[in-house]
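*Asks:* Have a look at this one before I ask anything.
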Amino acid sequence: MRIKLTISTLLCVSALAGCQMPPETEMPIPATFSQQAQQYPVKRPVVTMSDAAFQQNIGPFQIEQMNLSGKYMEKVTMNTGWKTTVTGGLLFQLLFHDTVNTRGDLVSDFSTRAEQSFNFNVAAAGLAPVHSDCQLLVFGTGEETLDNGVNSYNWQTSQPVVTYFGCRLTQNGQISELVVERKAGSAPTFRLHQGKQVIDLTPVHSGPDLSQYNELYQPVEVGYLFAKDAEVQSAQQLSLNQSRLWLGNDVTPAQQQWLLAVMFSLQMYHWQDRNWPAQS
């Protein structure tokens, strides 16, 4: 049975077309918009040996000249002191340690700062490229135990306090900006300007009705709608592996190009804002 399972797994890997994950539920978008919009898939590279792996064609547009930095993190110790802790609880101590820690732990509080940046172009035949230059900053706090001579284990916890994501987009000399701010315990805020024109960026949430049953439920956006003068111009569904976007057919090619630069910037943010390397 184990041999058969291994063979089946290998066959699945070698024939991905027959072993794909089932498609995700399509994000709800206004019916009037979907009827006059073109949908495109956005592909996340499986292997990222180079930044070029993120480059791809999306309809008549090309994502080019991707330049993605590494993830940089730093940790600063704020305070160290002796604390009585119950990490893991009594059962955890009894199961995994010879001596139950009744004296507490020497705990170090620290703050963290992490950052990453990327830039790319959106090109199209007959149009000047749109350049997007973005940076992600994550500030957090945490604590870790130091060896106290009683326990043979150490633990570390950390959590983000505030996250900032910002992009400067350039199209034919016009400078535009995209800003996302996330504070722990608060709904994220979004700001999008095309030159001096405000573009409405509306997040679409998963399970929005759950909040009426659980006040601690924090809705998570699964995509965005982009509108100008109350008219939806494009939409985006976020996903790790099955992202997609919609571009309105009534929107000019140059505006589609700019909207694509915004949406791909947000997609890169969604892909990169995860799995930050652990601090040692």
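The values are calculated or read from the model by the stated rules, or taken from the named source; none is laboratory data. All values reported here derive from a predicted model rather than from experimental measurement. Here the Cβ positions follow ideal geometry from the backbone for every residue, glycine too, while neighbour counts run over all protein chains shown. All accessible areas refer to the heavy atoms of the entire protein, side chains included, with ligands and DNA or RNA removed. Shrake-Rupley method; radii C 1.70, N 1.55, O 1.52, S 1.80 Å.
*Asks:* Tally the residues that are open to solvent by 30 Å² or more (accessible area, probe 1.4 Å) and in contact (Cβ under 8 Å) with a residue 60 or more places away in the chain, restricting the search to segment 231-255.
*Replies:* Number satisfying all stated conditions: 8.
*Asks:* Would you confirm whether or not segment 72-91 contains a residue that is of a type in the set (Asp, Glu), out of contact with any His (no Cβ under 9 Å at 6 or more places or on another chain), open to solvent by 50 Å² or more (accessible area, probe 1.4 Å) and at pLDDT below 65? If you could, list the steps in order and put the result at the bottom.
*Replies:* Filtering segment 72-91 down to residues of a type in the set (Asp, Glu) leaves 74.
Then keep just the ones that are out of contact with any His (no Cβ under 9 Å at 6 or more places or on another chain); that gives 74.
Narrowing the set further to residues that are open to solvent by 50 Å² or more (accessible area, probe 1.4 Å) leaves 74.
Now restrict to residues that are at pLDDT below 65: none.
No: zero hits.
*Asks:* Before we move on, is Val107 at pLDDT below 80, aliphatic (A, V, I, L, M), part of a strand (DSSP E or B) and open to solvent by less than 40 Å² (accessible area, probe 1.4 Å)?
*Replies:* Details: at pLDDT below 80: yes; aliphatic (A, V, I, L, M): yes; part of a strand (DSSP E or B): yes; open to solvent by less than 40 Å² (accessible area, probe 1.4 Å): yes.
So Val107 passes the test.
*Asks:* Here is a further query. Could you grab me the full set of residues in segment 226-261 that are out of contact with any Phe, Trp or Tyr (no Cβ under 7 Å at 6 or more places or on another chain) and part of a helix (DSSP H, G or I)?
*Replies:* Pro253, Ala254, Gln255, Gln256, Trp258, Ala261
*Asks:* Cβ-Cβ below 7 Å, separation at least six or inter-chain, first residue in segment 66-80 and more than 20 Å from Asn119 (Cα to Cα) and among the hydrophobic types (A, V, I, L, M, F, W, C), second part of a strand (DSSP E or B) and open to solvent by less than 80 Å² (accessible area, probe 1.4 Å): which pairs?
*Replies:* Listed pairs, sorted by first residue: Val76/Phe110; Val76/Ser111; Met78/Asp109; Met78/Phe110; Met78/Ser111.
*Asks:* Looking only at segment 117-149, filter to residues that are open to solvent by 40 Å² or more (accessible area, probe 1.4 Å) and part of a loop (DSSP other than H, G, I, E, B); which one of those is modelled with the lowest pLDDT?
*Replies:* Gly149
*Asks:* Yes or no: Val180 part of a strand (DSSP E or B), in contact with a Pro (Cβ under 9 Å, 6 or more places away or on another chain) and at pLDDT 90 or above?
*Replies:* Values: part of a strand (DSSP E or B): yes; in contact with a Pro (Cβ under 9 Å, 6 or more places away or on another chain): yes; at pLDDT 90 or above: yes.
Yes; evaluated as a whole, the condition is true for this residue.
*Asks:* Taking into account only those residues within segment 200-225 that are within 17 Å of Thr189 (Cα to Cα) and touching a Phe, Trp or Tyr at 6+ places or on another chain (Cβ under 6 Å), which is modelled with the lowest pLDDT?
*Replies:* For segment 200-225, the residue satisfying everything is Pro203.
*Asks:* Do we find that Leu169 is of a type in the set (A, V, I, L, M), modelled with pLDDT of 90 or more, open to solvent by less than 70 Å² (accessible area, probe 1.4 Å) and assigned to a strand (DSSP E or B) in this structure? Spell out how you get there, then give the answer.
*Replies:* Values: of a type in the set (A, V, I, L, M): yes; modelled with pLDDT of 90 or more: yes; open to solvent by less than 70 Å² (accessible area, probe 1.4 Å): yes; assigned to a strand (DSSP E or B): yes.
Answer is yes for this residue.
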